[in-house]
Amino acid sequence: MFFQVPDNKIKLRIRNIPKMDVQGELLMKKVVIIGGGIIGLSSAYYLKKAGMDVTIIEKGELGKACSQGNQGWVCPALHEPVPAPGLMTESFKMLLQKDSPLYIKPTAMPQLSSWLSQFMKFCNERDFKAGEAALLTLSQSTLSLFDSLQHEGIKFELHRKGILFAFLSQENLQKKFKRFEEVARVFGHEQPVLKNSEEIQEIEPSLSTSVQGGILLTEQYHVRPESLAQGIINKLKEMGVNLYVNTEVVDLEREDDRIVSIKTKSESIKSDYFLLAAGAWSGTLAKKMSYTLPLTGGKGYSITIQNPSTKINRPLYLGDLKTGITPFNEALRMGGTMELSGINTTLDRKRIQGIRSAVSKYLKEDIKGDKEDVWVGMRPMTPDGLPVLGKVPKLNNMYIATGHGMVGVAMAPATGKILSELIVSGATEFKIAPFAPSRFGEGAKLYS
Ligand SMILES: Cc1cc2nc3c(=O)[nH]c(=O)nc-3n(C[C@H](O)[C@H](O)[C@H](O)COP(=O)(O)OP(=O)(O)OC[C@H]3O[C@@H](n4cnc5c(N)ncnc54)[C@H](O)[C@@H]3O)c2cc1C
């Protein structure tokens, strides 16, 4: 049903009972989003499209933090929970090594111990499979939602070139190939294509002859994440979304089972609904609502090289050393690593060096270019490796969307759509029970 309303009130699709003001005019419901990363931006887009009056409050700049220097892979075939069977044993040797793909900072151990002990419980076959099946609801629509964003006039760098996994070890290659065959069979993701060392050289001539072979997935996408965020920001401005930057939400005002306003250092902002999308920082504000959210930062690093000397045709995953190389227009990005060192964005040069040295093992020549930018970002990580989507327990108008870990860019459109449906109509057709915020907290049972 559509209503035509005057001036600042827009053409609005109504699913909930409409609210009228004293003159009987339709009022747009207000929603305030805390956090302007890719999850907040994408949610703002779908909420505004659905007819809400949307405001984003961002403590820094929009689309920066973790949503800026990441690899931008939109690869639903790779969506799986981070806690995997055998991960802790396999990685144990690496855990305390400063340049390894997975590193836990010894001094951060005390503050991480509770999160880590929950995480370790999820490193088993049963939970991994259940998590993988749960993520399918977000993965199935991933590629088509990115196509739609483009068709809806959001301008960003989108590549449909697939992804290539390269391996130095035959054993690792075969193991990963079996895994892709399994996800293709069980979840309907695309069939992997095995490439031997000659075939992989043909499609990626810059790879060194030490590479034993690889796996090609042709249907996956990648984006330049900065351009995606900027494209959405431009669209939000056009649509009339209120954007606050350099404005930190420091507190919330609660009345019974509702949040009535959020507080910044200088003002208090009222709204009908609120959405917490503050990435790895979401736990701090959750606590102020008496909601215990076990969230930590999974720090990753990248190096972006302008006008690179080496040509890479499609994203490469260096499978043995868990590092990625992503080609963009006139640039190339190398990145990866998972560092658990608490909530901070301190850049550790040894981790940057770890990425460079991993890349040099796979390529014929070191990548050079006009300019290099190093970057660090914090992935919002839950102990079960699943996002947290829905209404905050015991609150009627406070929603949350975070915990997307390694795949927040890919899952941003699906997340935005889900949160918009939930806030506008109270329901969504996506199967989101496994992502329920109520799975955490006192007396709660984690999805398992
Ligand atoms: C090295 C690396 C590679 C990656 N590669 C990929 C990839 O290839 N594909 C993929 O899908 N994902 C990838 N990711 C993961 C992806 O980057 C994240 O999942 C995603 O960016 C998280 O988005 P977000 O909006 O939740 O968080 P953020 O981008 O961190 O945004 C949260 C925002 O909230 C703001 N905020 C926090 N507290 C407050 C407050 N109190 N008041 C106001 N604002 C606040 C912050 O300033 C920030 O801007 C990668 C990550 C890393 C580190």
Scanning the stretch 52-73 residue by residue, those open to solvent by 30 Å² or more (accessible area, probe 1.4 Å), more than 15 Å from the chain's Cα centre (by Cα) and more than 7 Å from the ligand (Cβ to nearest atom) turn out to be D53, E61
Of (1) modelled with pLDDT of 95 or more; (2) more than 17 Å from F274 (Cβ to Cβ), I33 satisfies every one except (2)
Considering the stretch 216-229, residues that are part of a helix (DSSP H, G or I) and buried (at least 19 other Cβ atoms within 10 Å of the Cβ), and then whichever is nearest to the ligand (Cβ to nearest atom), we arrive at P225
Counted residues in the stretch 98-142 being among the hydrophobic types (A, V, I, L, M, F, W, C), farther than 17 Å from K299 by Cα and crowded, with 19+ Cβ neighbours inside 10 Å come to 6
Could you please let me know if R314 is of a type in the set (K, R), open to solvent by less than 10 Å² (accessible area, probe 1.4 Å) and at pLDDT 95 or above?
-> no
From the option list V392, V376, single residue qualifying as under 29 Å from K48 (Cβ atoms) and of a type in the set (V, I, T) is V392
For K49, the lone unmet condition from (1) modelled with pLDDT of 95 or more; (2) closer than 19 Å to G297 by Cα; (3) open to solvent by 40 Å² or more (accessible area, probe 1.4 Å) is (2)
Return a yes/no flag: does the stretch 327-342 have any residue that is away from the ligand (no atom under 14 Å from the Cβ), at pLDDT below 95 and open to solvent by less than 50 Å² (accessible area, probe 1.4 Å).
yes
Being of a type outside the set (D, E, K, R), more than 22 Å from the chain's Cα centre (by Cα) and buried (at least 20 other Cβ atoms within 10 Å of the Cβ) narrows V409, V388, V424 down to just V424
For the stretch 233-275, the count of residues that are in a loop (DSSP other than H, G, I, E, B) and within 16 Å of the ligand (Cβ to nearest atom) equals 12
Within the stretch 180-215, of all residues that are surrounded by fewer than 20 Cβ atoms within 10 Å (Cβ to Cβ) and assigned to a strand (DSSP E or B), the one nearest to the chain's Cα centre (by Cα) is V193
Flagged pairs (Cβ under 6 angstrom, 6 or more apart or on separate chains; first in the stretch 40-52, without any contact (Cβ under 8 Å) to a residue 40 or more places away in the chain; second part of a helix (DSSP H, G or I) and crowded, with 24+ Cβ neighbours inside 10 Å) are none
If we ask which residues in the stretch 125-162 are closer than 25 Å to E182 by Cα and without any contact (Cβ under 8 Å) to a residue 40 or more places away in the chain, their number turns out to be 2
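The values are calculated or read from the model by the stated rules, or taken from the named source; none is laboratory data. The structure presented is a predicted model; accordingly, all values stated were derived computationally and were not measured. With ideal geometry, Cβ positions are generated from the backbone for all residues, glycine too; neighbour counts draw on all protein chains shown. Protein only, heavy atoms only, side chains kept; ligands, DNA and RNA dropped before computing areas. Shrake-Rupley method; radii C 1.70, N 1.55, O 1.52, S 1.80 Å.
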